[in-house]
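Read through the structure below, which is laid out as structure tokens, and then see the notes.
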Amino acid sequence: MQKHSLIALAVAFLAAACTLEPKYERPAAPVSAQFPAQGIYATQPGAADNGTRSANAKPAADIGWRDFFTDPRLQRLIEISLKNNRDLRVAVLNIQASRAQYQITRAGLMPTINAVGSQTKSRTPKDLSFFNQTITNEYSVGVSGSWELDFFGRIQSLKDQALDQYLATAQARKAAEISLVSQVADQYLTVLSFDDLLKVTEGTLKTAQESYRITKLQFDNGTGSELDLRQAQTVVEQASANYQQEARLRAQAVNALVLLVGEPLPDDLPPGVTLDSQDLLTDIPAGLPSDLLTRRPDIMEAEENLLAANANIGAARAAFFPEISLTGNFGTLSPTLGSLFKPGSAAWGFTPTITLPIFTGGKNKADLDLANVQKNIQVATYEKAIQTAFREVADGLAARGTYDEQIAALERDTFAEQRRLDLSDLRYRNGVDSYLLVLTAQTDLYSAQQALISARVARLTNLVDLYQALGGGWIERNGDQPRPADAAVDYSAASVPAAASASSAN
């Protein structure tokens, strides 16, 4: 009866125990309360400005990636990548490892009970034995248990630390998935830009080859100069070299896309649309910088790591206080195996233990100092994550406010260069101007076309990256219920084991 009273008292004390963790206060965001809104930031495009689809004031986190990207080929590539990408598989497996570590640490709060059976056989010298009994046997069977009473919250703090690290890993997986959606889209757009560049270079090469043929014919007939011939040849050779370079870069871009997708590109991919026909959402609202704290998984990951460091301080503080544990056993004990379970063979033991650190060579103090330093590191990391997110969104807004006008100007420039080439060629054929003017106009047109393609792909990738920077890409379709960061998802045909939810971990 006395033993049961002691256990009940211990449970009551344990329930009332508290941790020595410092009270957590979220650091103030080290950024402005508003995103920049003056100058180029004030000219953000709207759907009504260019006749494109509208986000209807929905934040990026509420817009599914299938609704942001309308190209069916790109949608299929993103879908495949979410199943096959190896980096994403590693992120999922990291969640499982972190969850298992949390369960291991949490188990320290519970008693440990073991079934025990043993035989001890010993020999005593005859002159030291009683009744000349030199060989003795002892058989025992029963249960033993131990329990550390966490009065000062050391184990509880370690459990909190492990849980926060688990949740940080889950947010890291979420950030990896959002980033993967953006990376696949950016790489796909890059491949499309090389398709356009190859078409422009191929057209320039054909025009240059025709000009070279005519110029060579004139030179062979004695009506043209070698200077004109060599000038025409330079355009042909330069366009030919550019074509090979762009073909090489396109092949490498496809290889990078295959790596992201995680398998060779299927032959049955649906038809895609051209670079110029991509219809991405252009008017997603930026909101306030404070919104990023709940939309950006990398920021939430940094805060979970900060919470883990805060909990570790509690464990380091508890190391200065006594550790109290209870151990006990109950079973039967007998000198012979046959009488092990006979009446009167019951045996038990109960051993409370208290350990108070007196001298550790400064280890506990150093552990506490280390825990405080690690927390300060995580504070700086958290603040840096917020600053980085603010900068990425601000950069995206600055670009979004300028690309439309830049592309419009480049389109007018390309039209003017084409017209200039037509007029220069006409004047050359009528003997008014030299062939050098035709050559210069042709080269300038080629450069203008390349610049236009580069600006178009930069505009699209900026919209994609801004969508990611604002926390978009986690849900598949508008209206979907956002999954928990550690939600179970079948990422591959091989059925990679998925992490259980946070609710089950708790």
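Since every read-out is calculated from the coordinates, none of them should be taken as a lab result. None of these values were measured; they are calculated from a predicted model. Quick reminder, even Gly has a Cβ in these numbers, built from the backbone with ideal geometry, and neighbours come from all protein chains shown.
Remarks
- For peptides 407-420, 289-302, 83-96, 336-349, sequence by mean Cβ density within 10 Å, most packed first: 289-302, 83-96, 407-420, 336-349
- Mean ellipticity per residue at 222 nm, deg cm²/dmol - from DSSP H runs of n ≥ 4 across the chain, formula -39500 (n - 2.57): -20000 deg cm²/dmol
- Cβ-Cβ distance of S434 and Q38, R₀ of 41 Å, FRET efficiency by 1/(1 + (r/R0)^6): the value works out to about 0.25.
- DSSP beta bridge pairing in region 56-501, given as percent antiparallel to the nearest 5: 100 percent
- Taking the average, over residues, of other Cβ atoms within 10 Å as the packing measure, peptides 250-261, 150-161 rank 150-161, 250-261 from highest down.
- Stretched out straight at 0.36 nm per residue, the stretch from E226 to E476 would grow longer than its current Cα-Cα span by 83.8 nm.
- Between region 280-305 and region 404-440, the alpha-carbon center distance in angstrom: 47 Å
- Correct option for volume of the Cα convex hull per residue in Å³ [calculated from the coordinates] among (1) 278; (2) 126; (3) 162: (1)
- When only Cα pairs below 8 angstrom with a gap of at least 6 residues are kept, the chain shows a relative contact order of 30 percent.
- Count Lys and Arg as plus one, Asp and Glu as minus one, and take only other residues whose Cβ is under 15 Å from that of G396; the net charge is then -2.
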